[in-house]
């Protein structure tokens, strides 16, 4: 459950008023993605909004695929979208809907518009159509075909469907107003000829409806009460209303726009995300550096964390560019209470305990979480040789150093107080090993007569399990990588966005299943990879987020 209270916004206020006035007795929303890519963090906000409102108001939310652009759509994308919605914790109303479910009705409504003299078939070339359309400051001009007879337009549209004309030879346009200050109303195209195999209808159709025409009718056919979309569709709303006002359909949903989510240090353009995949800057749509829901899931983000993030950023009509730290904070706070805390070493330095005594130097049991004993405990084995983090040792420590140095003491987490006695170096002068001794009277208690301030993590060499550890960072080096249209956004790819190291983890995680989350003490939150991790055989951990915001300046 979210720790952030639900804050009213203009959409909730509208719904409250609609229910109070009796305009609607219940709300019906929808989430209408196109299956032409994997969903990203912006879609997560929309999912949480549409499905969340339906939950809060005891309404319903449909999942409807906008499958009107067959060349770019695939079953893989459709299945991934379903997985994402369910993973985020939501379930759609009834069966999945598809715009293609309505192709026959959409065709019939187009015939109705033609019959009313409100649509016509046009054979202008794309270049001519751009010329006739006008500009933001100059009105358009009528196509020579605009005043064709109803009979001629019905004949041509029927023949378009029958496949008599080449791709792109003709389109069907709504007859609205070529002088409208809103370019979207300058006789927009509502059907085009396109011979492309469709993932659901196969080769049945060679004409396909345009999104603006399809979307509003699909909403109306499904009885949607509140059609929520992002601000770039605000100028399309008059067309949405025009179509529904001019066909015989009893339901007229209200389109309402809200600001889309932009996240610093990443991009949310599907086209650019696809470019990252195709040019192999990442390993795929679910690469843990990607802002896709599947990528964030693989990285170890939690659905609860993403829902909390969506709640925190709120809903408004103003630009909504959010710092990555807000997202990471929501994920970090969710993991804090639920992830088992274990020890791992990712930059190992060997320490030999010179006064280790078999049968006398013992191990200790430790809880998986200091505040949640119900999560259980495990034995943390201690041995003659241990791994510590290389940067927990310094020969020439700075002022205030609380970790290990020659002659200095630290507490080994869940174990003894240890003193470094000797540094072993190779021929090149590199430190390869430390020799140390423990205070045998300090297992589980403080030493007598002195105070040890530093605590470091470690693992026993004999018992540690080898693991591949993937350290992920920001994908880009600048907050807005695609802000400058003159510069290729790939210029700003972070060459250190992924570092792979060979680490060691304590044996309690040996049998962790894929997608198990841990806090590696003092290092951050990590998750076993859902693709490459092999339980009990090959351990692969992805760093989800650091313990603190490493990017705070």
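The values are calculated or read from the model by the stated rules, or taken from the named source; none is laboratory data. On a predicted model such as this, the values are computed, not experimentally measured, just so you know. When we count neighbours, we look across all protein chains shown, and the Cβ atoms used for this are built from the backbone with ideal geometry, even at glycine.
Some observations on this one:
- Qualifying strands (runs of 3 or more DSSP E) (wholly inside the range 27-125; at least 3 residues being within 24 Å of the chain's Cα centre (by Cα) and surrounded by 17 or more Cβ atoms within 10 Å (Cβ to Cβ)): 28-31, 60-65
- Residue among 388, 313 that is in contact (Cβ under 8 Å) with a residue 24 or more places away in the chain and either more than 26 Å from residue 451 (Cβ to Cβ) or in contact with a helix residue (DSSP H, G or I) (Cβ under 8 Å, 6 or more places away or on another chain) (or both): 313
- Residues considered: 328, 257. Of these, the only one that is assigned by TED's automatic domain parsing to the domain that holds residue 230, touching a strand residue (DSSP E or B) at 6+ places or on another chain (Cβ under 9 Å) and not in a loop (DSSP other than H, G, I, E, B) is 257.
- Under the condition of being assigned to a strand (DSSP E or B), free of Cβ contacts under 8 Å to residues at least 12 places away in the same chain and more than 16 Å from residue 354 (Cβ to Cβ), the residues counted in the range 421-444 number 1.
- The range 518-549: number of residues that are free of Cβ contacts under 8 Å to residues at least 24 places away in the same chain and over 24 Å from the mean Cα position of the chain (by Cα): 2
- Qualifying residue in the range 134-149 (condition: at pLDDT 95 or above, within 17 Å of residue 213 (Cβ to Cβ) and assigned by TED's automatic domain parsing to the domain that holds residue 207): no
- Note on the range 493-523: among residues that are closer than 21 Å to residue 327 by Cα and either out of contact with any helix residue (DSSP H, G or I) (no Cβ under 9 Å at 6 or more places or on another chain) or assigned by TED's automatic domain parsing to the domain that holds residue 367 (or both), the one that is surrounded by the fewest Cβ atoms within 10 Å (Cβ to Cβ) is 496.
- Unmet criterion (only one of (1) modelled with pLDDT of 95 or more; (2) surrounded by 15 or more Cβ atoms within 10 Å (Cβ to Cβ)) for residue 261: (1)
- The residues of the range 180-194 that are assigned to a loop (DSSP other than H, G, I, E, B) and surrounded by 13 or more Cβ atoms within 10 Å (Cβ to Cβ), listed by number, are 180, 182, 186, 187, 188, 194.
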